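The values are calculated or read from the model by the stated rules, or taken from the named source; none is laboratory data. It should be emphasised that the depicted structure is a prediction, and the values quoted were computed from it without experimental measurement. Every residue, glycine as well, gets a Cβ built from its backbone with ideal geometry; the counts of neighbours run over all protein chains shown. What goes into the accessible areas is simple: the full protein's heavy atoms, side chains included, and nothing from ligands, DNA or RNA. Shrake-Rupley method; radii C 1.70, N 1.55, O 1.52, S 1.80 Å.
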Amino acid sequence: MALQLNHLYPYTSKHGKQPKPPLTSTRPRPTKFQVKAAPTNGRELIQSGAVRPIPPTEAAMAMSSEGFMLLDIRPDWERDKARVAGSLHVPLFVKDMDNSPLTLLKKWVHFGYIGLWTGQNFTTLNPHFLQQVEAKVPDKDAKLLVACGEGLRSIMAASKLYAGGFKNLGWLAGGFNRSAVGDFPAVEGSGKLQYATIGGVSYFFLQLLILLQAVGKDD
């Protein structure tokens, strides 16, 4: 009979109290936040809008109306041929002066495949690039329009400057090679700005092509 009563009535303790139901957690689950990594390389900076692309046709207006300073990061031998008057100059790459056997071999291979045709020297990354820019532009809120010949080296330079604290950066889209006569009000040097990256044997072919075009127009 006792067994039947146990089935009919719920279990009670000897004090007449029913056991408490197990506690369930009422704490809210922590919200997961997805943190996106900040852009690091130059292309990501341009795509995100952190670095503003400015075509050569709009560069002069950006400099005169918006206060951008043109930072030419080409090596000396390119800048000597043609440069924008009043532009700042800090080369991202410098001539490699190392004469170790391995570097000499690299220089010989470079000359045979690239240097002879383009006139470009064997270069190395300027280890003091950021410090040299900071010396010329102490204010990191200043607007800098970073430029090179074809636009590739200036992307790398913009990335280094951004990581170094410069946040108001522009990139000359396509480089000086995409510029035309009249895009910049004053150009110094013996050559044309859009051809300053060309040297070596290819430079003589270019001069011959320009001469043939001029003769064709006269005819």
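Every residue, every condition in (1) modelled with pLDDT under 95; (2) crowded, with 17+ Cβ neighbours inside 10 Å, yes or no:
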{"residue": "G164", "(1), (2)": "no, no"}
{"residue": "G175", "(1), (2)": "no, yes"}
{"residue": "V181", "(1), (2)": "yes, no"}
{"residue": "L193", "(1), (2)": "yes, yes"}
{"residue": "Q207", "(1), (2)": "yes, no"}
{"residue": "I210", "(1), (2)": "yes, no"}
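Of all residues in the range 149-158, those satisfying the criterion of being at pLDDT below 95 and open to solvent by less than 10 Å² (accessible area, probe 1.4 Å) are G149, G151. Output yes when any residue across the range 35-48 is closer than 18 Å to L152 by Cα, at pLDDT 55 or above and in contact with a Gly (Cβ under 9 Å, 6 or more places away or on another chain), and no when none is. There is no residue in the range 35-48 that is closer than 18 Å to L152 by Cα, at pLDDT 55 or above and in contact with a Gly (Cβ under 9 Å, 6 or more places away or on another chain). Selection over the range 70-96 of residues that are in a loop (DSSP other than H, G, I, E, B), more than 17 Å from K143 (Cα to Cα) and among the aliphatic types (A, V, I, L, M) gives a count of 3. Quick one: is G67 under 29 Å from P127 (Cβ atoms), in a loop (DSSP other than H, G, I, E, B) and open to solvent by 10 Å² or more (accessible area, probe 1.4 Å)? Here the answer is no, as G67 does not meet what is asked.
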